[in-house]
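Here, each number is a calculation from the coordinates, and none is a lab measurement. Quantities reported herein were computed from a predicted structural model and do not represent experimental measurements. With ideal geometry, Cβ positions are generated from the backbone for all residues, glycine too; neighbour counts draw on all protein chains shown.
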Amino acid sequence: MNRNDISAIKALLSTPKNIVIVCHKNPDGDAIGSTLGLYHYLKKHNHNAQVITPNDYPGFLKWVPGEDTILKYDSQTEVSNKTIKDADIIFTLDFNAFHRTGQMQPALEASKAIKILIDHHQEPDDYAAYTYSDVSMSSTCEMVYHFIDMLDDADNIDVSIATCLYLGIMTDTGSFRFPSTTSTTHRIVAELIDKGARNAEVHNNVYDTNSYNRLQLLGCALTNLKVLPELRTAYITLTQNELRKFDYKKGDTEGVVNYALSLENIIFAAIFIEDKQEGIIKISLRSKGGFSVNEFSRAHFNGGGHNNAAGGRSETPLDATVEKFLSILPQYKDALNHE
Ligand code: 5GP
Ligand code: MN
């Protein structure tokens, strides 16, 4: 995003507009934090702003300031379509291609609104009038902070904006531990606390509100953990029956794959989750160091993401999907052992 883009966006935002802000399907902390952070900012400037998510999000995000104003496209389709149709500007946050918005894709493609993309995933599509893409960024929330700063408006960040942006930086950096966490990230986080973000409260709301069933499901996942020491890989499976047994709720499996990656000498971790409703196996991949799970997922599992965290999917049954994974892995033996 260059100086001309910023001037153009400043001019665009100088009078009240109808603005829609969207994120990817199955929103995470960064998706909700960045869209709502921007929402509060735009409301402050008298815009008619509306966040629309493709679908619902986990309970541990149902405390975020402004969360109750969000429209969910899959259950509020009519009003969402009308809002998208009336939009002058659409901000697309935390995703790189329209297909990541699921059912919302056609409405976004049909819209004549000016699109502004802010995102840190690899290989963004070329649909936006203004693209702010930076794969080195810890989170889209960090980018929304920079975006507001580029508009010379960081002084206007209030407690709601600060809380939302803190949330997404925290979740996407694994609480400030992933390599994408820079000294600038920490400076921004410090600034957000100064603006009123209650850091301990945000951590507590997201990480310390587990249900008993969720912990039991984690126990089941850890029991299913398999380790391939010679490939420095570990993986977890969860069947639909196991999810049902522990009364699975959206978000319950979030972060489970990281336990596999926490094993000594393991640099590649995967979780395969059976989703009978969608008829797919949802895959999450994580790595440490230079082994790119983004490339691995793009090559084999119809997904993508970042070098060290990516998602994917498979349309074959769970057993067959795991078999495919195990049959591909030996090709990567050298790469996995040179990390
Ligand atoms: P998760 O495993 O938590 O679903 O996703 C890990 C990261 O990869 C997140 O940043 C997520 O947005 C991204 N991601 C997940 N699935 C896909 C996908 O199909 N394509 C792309 N480009 N990114 C994905
Ligand atoms: Mn993100």
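Table for the structure above
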quantity	calculated
Fraction of antiparallel bridges per DSSP, the chain only, in percent to nearest 5	40
Amide proton proximity set for Phe272, modelled H, under 5 Å, gap of 5+	Ile236, Thr237, Leu238
Partners for Lys333 among aspartates and glutamates (Cα-Cα distance below 18 Å; same-chain residues under 8 apart left out)	Glu230, Glu264, Glu295, Glu323
Hits among aspartates and glutamates - C-alpha to C-alpha of Lys10 under 20 Å, sequence gap 8 or more where chains match	Asp88, Asp119, Glu142, Asp149, Asp152, Asp153, Asp155, Asp158
Sparse-neighbour loop sites [chymotrypsin sites (Phe, Trp or Tyr not before Pro); the range 157-262; at most 14 other C-beta within 10 Å; DSSP]	Phe176
In sequence order, calculated HN-Hα J values of the range 275-288 (Karplus, 6.51, -1.76, 1.60; Hz; x Gly/Pro)	10, 5, 4, 8, x, 9, 9, 8, 10, 10, 10, 9, 9, 10
Gaussian network model of the chain, springs between alpha carbon atoms under 10 Å - residue of Glu274, Glu323, Glu295 with greatest fluctuation	Glu323
D_trans [Stokes-Einstein, Kirkwood Rh over alpha-carbon pairs] for the chain, 10 °C, 1.306 mPa s, µm² s⁻¹	77
Projected label distance in nm at Tyr212 and Tyr332, using a 7 Å step from Cα toward the beta-carbon	3.9
5 angstrom amide H check on Tyr132, placed H, neighbours 5+ away	Leu117, Ile118, Asp119
In sequence order, calculated HN-Hα J values of the range 291-306 (Karplus, 6.51, -1.76, 1.60; Hz; x Gly/Pro)	6, 8, 6, 4, 5, 4, 5, 4, 6, 10, 9, 6, x, x, x, 10
Farthest positive-ward along the range 3-207 dipole, Cα basis, beta-carbon charges - from Pro58, Tyr132, Ile193	Pro58
Distance between modelled label sites at Tyr259 and Leu222, nm, 7 Å Cα→Cβ extension	0.5
Of Val206, Asn241, Ala269, farthest towards positive along the dipole that unit charges on Lys, Arg, Asp, Glu beta carbons give the chain	Asn241
For the range 213-243 versus the range 88-108, the gap between their alpha-carbon centres in whole angstrom	32
Asp155-Lys62 pseudo-label distance in nm [points 7 Å out on the Cα-to-Cβ vector]	4.0
Percent breakdown of C-alpha pair distances by 10 Å bin, ordered from the shortest bin, for the range 68-127	21, 56, 22, 1
Given charges at beta-carbon only (K, R positive; D, E negative), |dipole| of the range 212-337 in Debye	180
Set of the range 198-214 residues, backbone N closer than 17 Å to the point 7 Å along the Cα-Cβ line of Asp247	209-214
Residue-by-residue Karplus 3J(HN,Hα) for the range 27-40, coefficients 6.51, -1.76, 1.60, Hz, glycine and proline x	x, 10, x, 6, 5, 5, x, 6, 5, 6, x, 5, 4, 4
Estimated dipole of the chain in Debye, rounded to 20 [Cβ of Lys and Arg +1, of Asp and Glu -1, Cα centre]	340
Among Leu215, Phe325, Thr163 - extreme Cα towards positive end, dipole of the chain, charges at beta-carbon	Leu215
Partners for Lys250 among lysines (Cα-Cα distance below 19 Å; same-chain residues under 8 apart left out)	Lys25, Lys62, Lys72, Lys276, Lys282
Interchain or long-range residues, amide H under 5 Å from Ala49's placed H	Ile19
The range 212-337 - Debye-derived log10 I(q)/I(0), Cα point model, q = 0.10, 0.18, 0.23 Å⁻¹	-0.28, -0.93, -1.48
Fully extended contour minus Cα-Cα distance, from Asn46 to His99, at 0.36 nm per residue	16.0 nm
